[in-house]
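Comments concern the structure below.
Only the coordinates and a few stated rules stand behind these numbers; no lab work does. Note that the coordinates shown come from a computational prediction; the quantities given were computed from them, not determined experimentally. Every residue, glycine as well, gets a Cβ built from its backbone with ideal geometry; the counts of neighbours run over all protein chains shown.
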Amino acid sequence: MDVPSRMDSGERGDDVADEGQRGFFGLLGSRIGKQRGDTAANLHTYEALLLLQNYEESGQGWFWSTDAKGQLTYITDSVARLMGRTAGTLLGTALTDLFLPVDSHGERQRTLPFLLTKQSKFDKLPLRSAFEGDDRWWAISGRPQFDGGGKFTGYRGSGTDVTTQRRSAEDASRLALYDSLTGLANRFAISKKLDTTLAAFAQQQRSCAIMLLDLDRFKQVNDTLGHPAGDALLKQVAERLLKIVGNKEMVSRLGGDEFQIILPDIEDRGKLGDMAADIIASLSQPYSVEGSRCIIGASVGVAIAPFDGLSSDDLVRNADLALYAAKGNGRGRFSFYSSDLHTAAEDRRALEDDLRDALVRGEMALVYQPVVNSKSNMVSGVEALIRWTRPDRGVISPSLFIPIAEEAGLIWKIGEWVLRTACEDAASWPGDMRVAVNVSPIQFANADLPKIVAKALAATGLAPDRLELEITESVFLGDTAETAHMFKALKDLGVRLALDDFGTGYSSLAYLQSAPFDKIKIDQSFVRDATIPGSRNGAIIAAIVALAEALEMETTAEGIESLDQLELIRKLNVSHVQGYVYSRGVPQAELLEHTEGAWTIKPAGPARQRNDRFSLFRKVGAIHDNHRYAVVIRNLSATGAFIEGLLDVPVGTRFVIDFGEGQLVTATVRRSMKHQQGVEFEQTMVSDGNGGLCTRHRVSPYLIAAATQSTSALALPSFTTTSDWKAA
Ligand code: C2E
Ligand code: MG
Ligand code: MG
């Protein structure tokens with residue numbers, strides 16, 4: 001403790017210039033010390049000064065004083081040293097020069113000089129050190145001083161170091177805006193961003209799209225590889241998203257495996273669809289996390305302001321609905337919002353409810369689709385396909401209800417029933433025809449699967465090698481020991497394994513070497529594309545066949561409908577074919593008529609596959625000369641349609657087809673046959689992500705609002721032909 005020594009030096013009558021270095025209280029103490037021993041009051045003051053000096057030395061706080069001009073007359077030396085100076089050199093400096101003139105938001109700091117000129121007192125004013133290399137924050141308090149005559153003489157005050165509190169407050173606000181795992185904006189920040197963007201854009205009549213994104217099978221990665229792996233994966237997902245979107249502020253993680261992207265000034269659904277497809281493709285590439293390889297997918301829902309909503313709440317809700325639809329349509333897809341999704345979502349919920357006891361009510365049945373040797377036309381086996389008939393709704397596709405069953409946890413019961421029924425049926429066939437059964441990845445992930453299979457075989461007496469389990473490549477989430485284990489356990493039972501839907505996900509030939517498949521089933525979409533001129537799929541199929549042959553696996557081409565496809569498939573040496581060209585799925589009763597002896601089927605079907613046209617029945621409007629006619633679209637492609645409902649429309653007539661929800665397309669009649677017209681679109685339509693089509697652009701609600709206010713009708717293109725055709 002050096003207080004006595006300072007008192008001593010004071011007693012020695014040191015120069016006043018030395019005051020700064022020795023400390024204010026040191027000096028005062030020395031002066032008081034000169035009168036030491038005088039009165040009790042003096043002793044009390046002395047004690048107080050010692051305490052203050054201790055305080056100053058402890059570093060918890062410091063003191064300063066200025067003269068009437070605001071120049072320092074005192075500052076605690078230890079603090080001056082933190083600022084890279086000494087108290088002595090700082091005396092005479094303006095107090096305001098100790099601190100940066102800007103605050104933490106970069107705005108000019110006017111408070112301190114203002115307070116000083118007003119001679120007001122201030123408390124814990126946060127200020128940043130102005131000295132280079134010193135990025136401390138100080139909380140400064142000060143009180144104005146007046147002499148006996150009430151004249152302002154300066155300030156006395158104190159300061160404390162608040163750097164730590166300040167930093168943690170900054171961290172907290174950063175945390176409040178950013179997702180700590182990925183560094184992307186968080187839910188709070190993106191929703192604020194969307195609010196402000198939409199508010200500004202509504203005034204300027206600009207459009208703004210949002211995408212909601214959900215990872216497929218992320219939960220499985222988390223469960224099988226562990227949470228740290230899940231976290232590492234999410235970081236990589238964020239990086240890939242940023243690479244595509246570019247603007248960091250516009251991408252956010254909402255939580256879990258959900259992401260949101262804001263895309264200002266885009267309403268072109270062609271562009272948005274391409275972008276969504278890019279995102280899905282990028283996120284579906286394999287990841288390497290903690291030495292394991294894993295594959296996930298993504299689904300995307302898109303909503304666009306002002307068409308699909310003006311407020312951020314509406315827009316997000318609608319994008320969410322679109323996302324839900326995308327997932328319901330088989331995952332790995334995108335979907336645009338449209339108002340009929342509301343009913344679709346309700347339907348889906350109702351479907352889930354009904355699905356719960358569909359088995360008990362006996363609404364499920366199996367059909368068997370022949371798998372045919374492509375050279376001999378001999379049926380070598382059948383695939384069991386589930387059919388659900390709802391009394392009021394008719395047959396529902398498994399592509400629709402299997403994902404619901406998976407999500408609702410019902411797949412296990414349904415899967416067990418399928419397995420048991422298929423084995424039972426197959427055991428009753430006279431020959432030794434094989435039966436293939438689809439196994440959901442959810443079933444595959446359950447360690448009990450081999451037991452269930454063994455039980456079904458034992459109960460029905462079916463020879464194990466007559467049962468083939470079809471597994472999709474999504475079971476290859478990672479090179480986990482469990483996957484290998486499951487394959488071995490199933491092979492040990494003596495059943496056959498087939499890789500289903502090859503060519504739809506991330507098709508890696510690498511699995512084929514490690515997993516003990518007996519067959520590869522090449523997906524329909526892959527085969528379809530192969531017949532398109534310029535497609536490389538044919539060459540890829542040839543490579544798959546060559547590899548499969550080398551590994552002694554069979555190949556099956558799925559979904560062959562036309563004779564040209566069959567011809568191609570035969571040329572590519574695919575050993576088996578399954579498709580309408582041979583047969584659709586047939587019920588057990590019908591199958592039994594064929595199972596005695598050899599069963600051959602003669603292929604039959606259209607000469608070629610038309611890829612680009614959908615048959616449908618959709619009521620739309622055809623607008624001509626300010627009349628709106630109700631017509632039905634019977635056949636739609638990106639470039640044209642067949643419509644019904646008008647009689648004898650001359651070739652060359654132009655009108656606008658109103659597909660609803662602001663989707664207008666100008667069309668010209670190219671063929672006219674009584675009540676049917678073939679029309680060509682002026683603007684090609686684009687994919688809606690679900691195998692359907694939509695217009696690239698829509699008529700903006702702003703324009704509609706403006707048009708209904710003014711006398712002029714919607715700004716539709718004018719027509720060149722007058723016509724005398726009428727509604728049929
Ligand atoms: P998948 O396993 O790839 O089955 C082949 C699908 O293609 C069947 O559709 C079949 O009817 C259809 N298909 C066959 N040939 C043609 C053709 O020439 N043209 C066209 N357009 N389609 C053809 P389905 O029965 O609607 O089943 C769809 C998917 O649902 C199946 O695809 C399978 O993944 C799943 N699934 C069906 N039954 C079951 C089941 O019992 N359990 C599980 N977990 N999934 C099932
Ligand atoms: Mg299958
Ligand atoms: Mg398949």
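For the reader, a short list of remarks on this structure follows.
- Bridging of LYS151 to lysines at a Cα separation below 17 Å is possible for LYS69, LYS118, LYS121, once same-chain residues fewer than 8 apart are set aside.
- Once the C-beta distance of ASN247 and GLU590 is scaled by a Förster radius of 56 Å, the resulting FRET efficiency is 0.45 to the nearest 0.05.
- Where a label projected 7 Å from the Cα of THR389 along Cα→Cβ would reach, residues of the range 579-610 with amide N under 14 Å: 586-590
- Convex hull volume of the Cα atoms of the range 178-338, normalised per residue: 96 Å³.
- Length available on full extension from ARG187 to ALA447: 0.36 nm per residue minus the Cα-Cα distance, which gives 89.9 nm.
- Considering only the chain, percent of DSSP beta bridges that pair antiparallel, nearest 5: 80
- Kirkwood estimate for the range 516-638, i.e. one over the average of 1/r between Cα atoms, Å: 17.3
- Neighbours of GLY503, meaning other residues whose beta-carbon lies under 15 angstrom from its beta-carbon, give a summed charge of -3 when Lys and Arg score +1 and Asp and Glu score -1.
- In summary, the convex hull built on the alpha carbon positions of the chain has an orientation-averaged projected area of 50.0 nm².
- Reachable lysines from LYS243, criterion Cα separation under 29 angstrom, eight or more residues apart if same chain: LYS192, LYS193, LYS219, LYS235, LYS271, LYS327
- Residues of the range 667-682 with an amide N closer than 19 Å to a point placed 7 Å from the Cα of ASP648 along the Cα-to-Cβ direction: 669-678.
- Spatial offset of the range 641-686 relative to the range 341-368 amounts to 37 Å, using the alpha carbon center of each.
- 24 Å Cα-Cα reach of LYS375 towards lysines, excluding residues that sit fewer than 8 places from it in its own chain: LYS519, LYS521, LYS571, LYS602
- Spacing of the two label points (7 Å from each Cα toward its C-beta) at SER180 and ALA365, in nm: 5.8
- Extension gain from GLN205 to ASP123, taking 0.36 nm per residue of separation minus the Cα-Cα distance: 24.7 nm
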